[in-house]
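The values are calculated or read from the model by the stated rules, or taken from the named source; none is laboratory data. Everything numeric in this text was worked out from a predicted model, so none of it was measured. As a convention, Cβ positions derive from the backbone with ideal geometry for all residues, glycine included, and neighbour counts pool all protein chains shown. Only protein heavy atoms, including side chains, enter the accessible area calculation; ligands, DNA and RNA are left aside. Shrake-Rupley method; radii C 1.70, N 1.55, O 1.52, S 1.80 Å.
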Amino acid sequence: MYLTPNSRIVLLMHEGTQSTMGKTGLSMLRFSQSPIVAVIDYQSAGQSLAQLTGIDQPIPIVASLTEALTYTPDVLAIGIAPSGGKLPDPWFEEIEQAVKAGLSIVNGLHTPMADHPALKPWTRPNQWIWDVRQEPPGLTVGTGRARDLPCKRVLAVGTDMSVGKMSTILELHRATLKRGLRSKVIATGQTNLMLGDDGIPLDAIRVDYASGAVEGELIKYGYDHDILFVEGQGSLLNPSSTATLPLLRGSQPTHLVLVHRAEQTHIYNCPQVKIPDLRCVVDLYEQVATAGGAFYPSPVVAIALNTGQLSSDAADRAIAQTEATTGLPCTDIFRYGAETILDPILASAD
């Protein structure tokens with residue numbers, strides 16, 4: 001493991017503190033077990049992190065790596081994912097500056113950096129560059145064996161990308177641990193791996209081995225835990241997403257939790273694609289998961305509604321309306337906690 005509880009992290013977050021481009025960094029700010037000493041974002045420098053993001057942490061936002069170095073970090077983590085996956089030259093130059101200053105690098109982008117000619121010659125003993133998105137060795141194709149595991153297997157699925165699937169899983173995991181159960185998160189994306197959970201970077205794995213890679217992680221931990229929470233990726237509704245189906249096949253979930261952003265009516269990056277009525281989405285996921293009875297019955301047991309953009313009264317109305325139209329328990333886990341979603345999971349016999 002590269003990061004430790006003693007790692008002092010600075011987050012590279014240019015243009016990401018107030019946009020979905022910074023999803024990785026915002027998740028690290030919310031969930032990291034290692035201290036984050038500063039955020040680098042020229043757009044938000046000097047402003048309050050709590051006021052901008054709702055994350056109540058007294059972490060300074062600075063304009064440059066030079067300013068961040070005054071907080072004595074030892075790791076620079078890339079907390080942004082620009083369109084196309086390539087950092088603008090000035091931002092990459094800050095990574096070069098960080099390596100030359102002795103900082104290790106956590107890179108969650110698709111483009112590897114460990115062997116980059118501008119970085120590798122400057123690394124010192126005990127200094128590292130961790131390219132998170134690397135296909136693990138020894139993968140095999142899926143077999144459906146996870147259906148025979150004795151544990152509950154909960155997969156978050158979504159109406160779109162970036163609606164809160166990972167956050168839902170992490171909050172459910174925390175709530176389950178508080179009840180004294182043996183709970184574990186299976187990471188499937190770079191952010192969750194950067195937070196220290198075991199798993200695989202699903203979007204770095206060749207499609208033929210994707211379900212097998214998921215399956216392998218569940219079999220590794222399923223006999224020693226009461227419940228495994230599997231991080232969701234993508235959406236069956238998003239035409240650019242290919243990750244959800246191998247997650248369904250590899251994890252053979254006993255429970256699905258549908259995650260949706262309140263008032264979102266179309267796929268974010270494909271506005272020509274309408275999000276169907278949530279009852280139809282529930283039916284879709286259950287039918288695809290079960291595949292006509294070929295696989296484990298996987299009911300959607302609750303709706304996790306992302307109401308972050310709504311007032312408290314509007315959020316309450318959205319939650320009530322969603323419960324009425326779907327007939328399923330619904331809540332916003334950040335406003336009201338995870339119990340409404342966790343209760344039907346733990347109450348079932350699976």
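Worth pointing out:
- 3J(HN,Hα) along segment 262-269, derived from phi through the Karplus expression 6.51 cos²θ - 1.76 cosθ + 1.60 where θ = phi - 60°, amounts to 4, 6, 7, 10, 9, 4, 4, 8 Hz, with x in place of Gly and Pro.
- Value of relative contact order over segment 215-334, rounded to a whole percent, pairs C-alpha under 8 Å and six or more apart: 22 percent
- In a DSSP loop and with at most 15 other Cβ atoms within 10 Å, the chymotrypsin sites (Phe, Trp or Tyr not before Pro) in segment 76-137 are TRP128.
- Extending 7 Å from Cα along the Cβ direction at GLN57 and again at THR70 yields two label points whose distance is 2.1 nm.
- The amide H of ALA38, built 1.01 Å from its N in the peptide plane, has LEU11 as neighbours under 5 Å, considering only residues 5 or more places off or on other chains.
- Distribution of pairwise C-alpha distances over segment 53-172, 5 Å bins, in %: 2, 8, 14, 15, 16, 15, 11, 9, 6, 3, 0
- Tensor-based shape of segment 247-350 (alpha-carbon gyration tensor, a/c under 1.5 rounded, otherwise prolate or oblate): oblate
- Spin-label pair ASP224/ASP208, simplified geometry with 7 Å Cα→Cβ offset, distance in nm: 3.1 nm
- Per atom type, segment 43-136 shows carbon and sulfur on 51% of its accessible surface, probed at 1.4 Å.
- Placing a label point 7 Å from the Cα of GLU96 along the Cα-to-Cβ direction, the residues of segment 109-135 with a backbone N closer than 16 Å are 113-123.
- Of all accessible heavy-atom area on segment 147-277, the percent that carbon and sulfur account for (1.4 Å): 48 percent
- Partners for LYS152 among aspartates and glutamates (Cα-Cα distance below 15 Å; same-chain residues under 8 apart left out): GLU215, GLU217, ASP224, ASP226, GLU231, ASP343, ASP350
- Available extension along the chain between THR242 and LYS274 is 9.7 nm, counting 0.36 nm per residue and deducting the alpha carbon span.
- At a probe radius of 1.4 angstrom, the accessible area of the chain per residue rounds to 44 square angstrom.
- Calculated FRET value between GLN47 and THR111, using beta carbons and R₀ = 25 Å, to 0.05: 0.25
- What separates the Cα centres of segment 149-211 and segment 228-262 is a distance of 10 Å.
- Heavy-atom accessible surface of GLU93, to the nearest 10 Å², is about 110 Å², with a 1.4 Å probe and all protein chains retained.
- Euclidean distance between Cα centres, segment 54-89 to segment 288-343, Å: 33 Å
- Interchain or long-range residues, amide H under 5 Å from THR331's placed H: ILE303, LEU305
- Per the Debye calculation on the chain with a single equal scatterer at every Cα and no solvent contribution, log₁₀ I(q)/I(0) for q = 0.08, 0.12, 0.13 Å⁻¹ amounts to -0.39, -0.88, -1.03.
- Largest GNM mean-square fluctuation across ALA315, ALA38, ALA146, computed for the chain with C-alpha springs under 10 Å, falls on ALA315.
- Ordering 182-191, 95-104 by mean Cβ neighbour count within 10 Å, with the highest value first, yields 182-191, 95-104.
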